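In what follows, a single structure is set out as structure tokens and then discussed.
Nothing in this text is a laboratory measurement; each read-out follows from the coordinates by a stated rule. Every value quoted in this text rests on a predicted model; they were computed, and no experiment measured them. Reconstructed Cβ throughout: ideal geometry from the backbone, glycine too, with neighbour counts over all protein chains shown.
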Amino acid sequence: MSGIRFESVSVAYQGTTVLDRLDLTVEPGEVMALLGPSGSGKTTALRAVAGFVTPASGRVLIGGRDVTHLPPYRRGIGMVVQQYALFPHMRVADNVAFGLKAQKVPKAEIPGRVTAALDMTGMGAYARRYPRELSGGQQQRVAIARALAIRPGVLLLDEPLSALDAQLRSGMLAELARLHRELPEVSILYVTHDQVEALTLADRIAVMDRARLQDVGTPQQLYRSPRTEFTASFVGNANLLPVTVAESGAVFAGRDLRLDDTGRAVPGSGATLCIRPHLLALGTGPNTLTGRVAEVQWRGSTHRLYVDVDGHRVKADLPELRETPALGAEVSLHFEPGDAVLLPAGAAPTARRGRGAGDA
């Protein structure tokens with residue numbers, strides 16, 4: 001059985017809380033990404049599922065079974081870590097077979113299970129090689145094959161791609177997505193600080209910071225309609241501007257801005273306006289922000305403009321410009337009323353159920 005449930009799980013080290021009352025459900029067959037900066041508690045949550053740390057309070061359930069105090073080998077999980085953890089003196093096939101032997105799988109069954117796992121990860125032709133004879137991406141595939149060979153109900157992935165270069169990481173993301181399609185019954189908990197990995201792979205993303213769950217939803221929900229400033233700034237890229245709520249929108253630095261939805265914000269109250277950089281365009285429109293160019297960055301197919309607007313630096317990602325504005329030049333940027341999200345000041349992080357980072 002698969003599926004993971006955290007019931008008010010807290011973990012503390014030497015009196016310091018590193019995971020604070022986590023309530024979260026990973027549905028059977030779902031990929032849940034735990035996304036957050038270093039020290040946010042995401043790896044601690046994964047280690048609590050694996051059985052490597054014992055909660056100070058709360059329960060961890062796998063497939064409806066309370067595993068809080070069970071040793072790791074009795075939890076029916078597979079795990080892949082950042083540094084592969086392959087045995088250097090064993091050939092690939094022996095590495096993959098290790099967990100099967102530890103589980104006392106019948107000898108006659110092991111070769112077929114090893115071959116199936118290696119074929120699933122595209123490593124069938126490398127069974128006789130040693131880890132030192134493989135690239136980093138190939139070693140990670142072997143580590144995944146080893147985790148899958150035991151046929152786990154739950155697969156834990158702890159920063160599995162962070163040691164790979166950008167090209168290998170992109171390829172492995174595609175492979176993990178393919179594996180998920182081929183193993184729809186396996187629940188996957190994927191720990192990462194990389195927003196692209198989370199947005200690409202996850203059915204839902206749980207955003208964590210300072211040992212607490214801040215938000216949870218599908219990638220589309222968190223990107224298009226973030227509920228907190230932290231979510232807006234960490235999931236994707238965002239301009240966050242202080243505004244005063246008005247009847248039909250908001251006021252920013254004396255400018256009236258029209259918005260399609262102000263949610264439950266009270267007119268006259270302070271709030272934060274979230275605008276994604278790619279939703280800003282040059283020129284005037286329904287909502288125009290005028291300022292002076294502070295920086296221009298060429299990014300291949302796009303240009304990133306940083307524009308100082310009344311003391312606030314606004315970034316806009318534009319299709320590659322034939323002529324870039326000079327530094328200090330006055331420019332206007334505009335956005336549509338439906339392309340901005342109003343975040344009420346002091347909005348409490350709220351967990352949302354349902355299927356479905358940084359200034360880059």
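Computed values, structure above
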| read-out | value |
| --- | --- |
| Length released on extending from SER248 to PHE52, taking residue separation times 0.36 nm less the Cα-Cα span | 65.4 nm |
| Residue-averaged 222 nm ellipticity for the chain, from DSSP H runs of 4+ at -39500 (n - 2.57), nearest 500 | -6500 deg cm²/dmol |
| For LEU183, distant residues with modelled amide H under 5 Å away | none |
| J(HN,Hα) series, the range 87-100, from Karplus relation 6.51 cos²θ - 1.76 cosθ + 1.60, nearest Hz, glycine and proline x | 7, x, 8, 9, 5, 3, 4, 5, 4, 5, 6, 4, x, 5 |
| Estimated distance in nm for a label pair at ASP165 and GLN14, the labels positioned 7 Å out from Cα along Cα-to-Cβ | 3.9 nm |
| Interchain or long-range residues, amide H under 5 Å from GLN83's placed H | none |
| Least to most buried among ILE205, ILE275 (fewest other Cβ within 10 Å first) | ILE275, ILE205 |
| Stokes-Einstein D for the range 59-180, Kirkwood Rh over Cα pairs, 20 °C, 1.002 mPa s (µm²/s) | 144 µm²/s |
| FRET efficiency, ASP66 to LEU327 (Cβ-Cβ, R0 56 Å, nearest 0.05) | 0.35 |
